[in-house]
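One structure is given below, encoded as structure tokens.
The values are calculated or read from the model by the stated rules, or taken from the named source; none is laboratory data. All of these numbers come straight from a predicted model, not from anything done at the bench. No Cβ is skipped: glycine too gets one built from the backbone with ideal geometry, and neighbour counts run over all protein chains shown. Just the protein is used for accessible areas: all its heavy atoms, side chains included, with ligands, DNA and RNA removed. Shrake-Rupley method; radii C 1.70, N 1.55, O 1.52, S 1.80 Å.
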Amino acid sequence: MAGHQVDNLDLQIYRGDGRLGQFSVNLSPMRDEQGSVTSIVVVMTDITDAAMLQSKLMHAEKMAAVGQLVSGVAHEVNNPLTAILGFADLLMENAEVPESARKDLRVILQEAQRTKQIVQNLLSFARQNPPQRKPVQLNTILIRTVQLRSYDFTSHGIDVVELFDQNLPYVIGDSHQLQQVFLNILNNAYDAVRETGRLARIEIMTANLGDFVEVSFRDNGEGIATPDRIFDPFFTTKEVGKGTGLGLSICYGIVREHGGEILCHNNVGGEGATFIVRLPALAETASLGAAAGVIQR
């Protein structure tokens, strides 16, 4: 109104359907012959999608920084853990230590060893490794992945049931990438069941389908509102700041690169949803050597 041009003013405006949109607004004053402002031309550009994309990319960068921080903290935790394990071992070898104290020392050793294993899993997951395709056992990867979230599952009363086929064939893949897939799916299942108000349950099952190995994650959460879009990049139903919408799309890409498929559906006749990952099975034990680069003559 004072006659000044206003460019690229960002405003949040409610649309007709009630959704909040982000708009870039340009205002230009129109003057009469005396130079007085008689009207204003307003040009509004809808930049909602671009603003959301920028916000999610910034969040992804923030999570990458958090990953580096976690890696550094894990290394720092390893140092006192090594001391705890070493001195506890020395005390166990001391004949003067009474048996009552040895029982406590065994608990210290057991829990310190478990903590060290969790730290190693965390470092292994956070480390940036070049993709390595070799025979891997999915049951082992799943056990390591569940250990990473065991505290959250236990502290929130989430029952995690592991139904693993002990005769599961090997698959050719990168263990770190596959762990990333399983951890993303577990994180989503954890978010889905945590606030339902009923006894939370996540069921992880592995099965041999002949040519394929199948891993399924079944939860009793609220289900998926839009299963047809769940693997789209940047699509998320979580609140702002709680998800980038990249996790499942990355999972989709990793599984496809491994020659497999990833599916999801709402559970028929029950609560929650099921995610399924299928990967090509290594047909024969003899082919393990060939897959590892050993030439058979």
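In whole Hz and in residue order, list the ³J(HN,Hα) couplings for segment 86-91 that follow from phi through the Karplus curve 6.51 cos²θ - 1.76 cosθ + 1.60, θ = phi - 60°; x for Gly and Pro.
x, 6, 5, 5, 4, 5
How far apart, in nm, are two points set 7 Å out from the Cα along the Cα-to-Cβ line at Val161 and at Tyr14?
For Val161 paired with Tyr14, the spin-label model returns 4.6 nm.
Using the Karplus equation 6.51 cos²θ - 1.76 cosθ + 1.60 (θ = phi - 60°), what ³J(HN,Hα) coupling, rounded to whole Hz, does each residue of segment 183-198 give in order, writing x for Gly and Pro?
5, 4, 5, 4, 4, 5, 5, 4, 5, 5, 9, 5, 10, 7, x, 10
Tell me the accessible surface of Leu163 in square angstrom (1.4 angstrom probe, heavy atoms of protein chains only), to the nearest ten.
Its accessible surface works out to 70 Å², give or take rounding.
Using amide H atoms built in the peptide plane, which far-off residues or other-chain residues are under 5 Å from Phe212 H to H?
Sorted by chain and number, the residues that satisfy this are Ala281.
Which whole-Hz ³J(HN,Hα) couplings does segment 33-45 yield from phi under the Karplus relation 6.51 cos²θ - 1.76 cosθ + 1.60, θ = phi - 60°, glycine and proline marked x?
5, 8, x, 7, 6, 9, 7, 10, 8, 10, 10, 10, 10
Calculate the radius of gyration of the Cα atoms of segment 1-83 to one decimal place, then report Dmax, the largest Cα-Cα distance, as a whole number, both in Å.
Spelled out, the Cα radius of gyration and Dmax of segment 1-83 are 24.2, 85 Å.
Accessible area of Ser100, 1.4 Å probe, to the nearest 10 Å²?
Approximately 80 Å² of Ser100 is accessible to the 1.4 Å probe.
For a quick check: with amide H placed at 1.01 Å from N, whose amide H comes under 5 Å from Gly272's, ignoring anything fewer than 5 positions away on the same chain?
The answer is Gly221, Gly223, Asn267.
Could you work out what % of the accessible surface of segment 1-105 is carbon and sulfur, using a 1.4 angstrom probe and leaving DNA, RNA and ligands out of the count? Walk me through the numbers before you get to the answer.
On the way: 4570 of 7720 Å².
Here carbon and sulfur together make up 59 percent of the probe-accessible area.
Search the structure for amide H atoms under 5 Å from the amide H of Gly173, placed 1.01 Å from N in the peptide plane, and list their residues when 5 or more places away or on another chain.
Lys134, Val136
Based on the mean of other Cβ atoms within 10 Å per residue, sort peptides 255-268, 137-150 so the most packed one is first. The partial results should precede the final answer.
On the way: 255-268: 15.4, 137-150: 17.6.
Highest to lowest by the protection proxy: 137-150, 255-268.
With only alpha-carbon atoms counted, please give the Rg and Dmax of segment 140-229, in Å.
Calculated on Cα positions, Rg and Dmax stand at 13.7, 40 Å.
Once you have the Cα-Cα distance between Arg256 and Leu91, take 0.36 nm times their residue separation minus that, and quote the gain in nm to one decimal.
Numbers: separation 165, 0.36 × 165 = 59.40 nm, distance 5.15 nm.
Going from the current span to full extension adds 54.2 nm.
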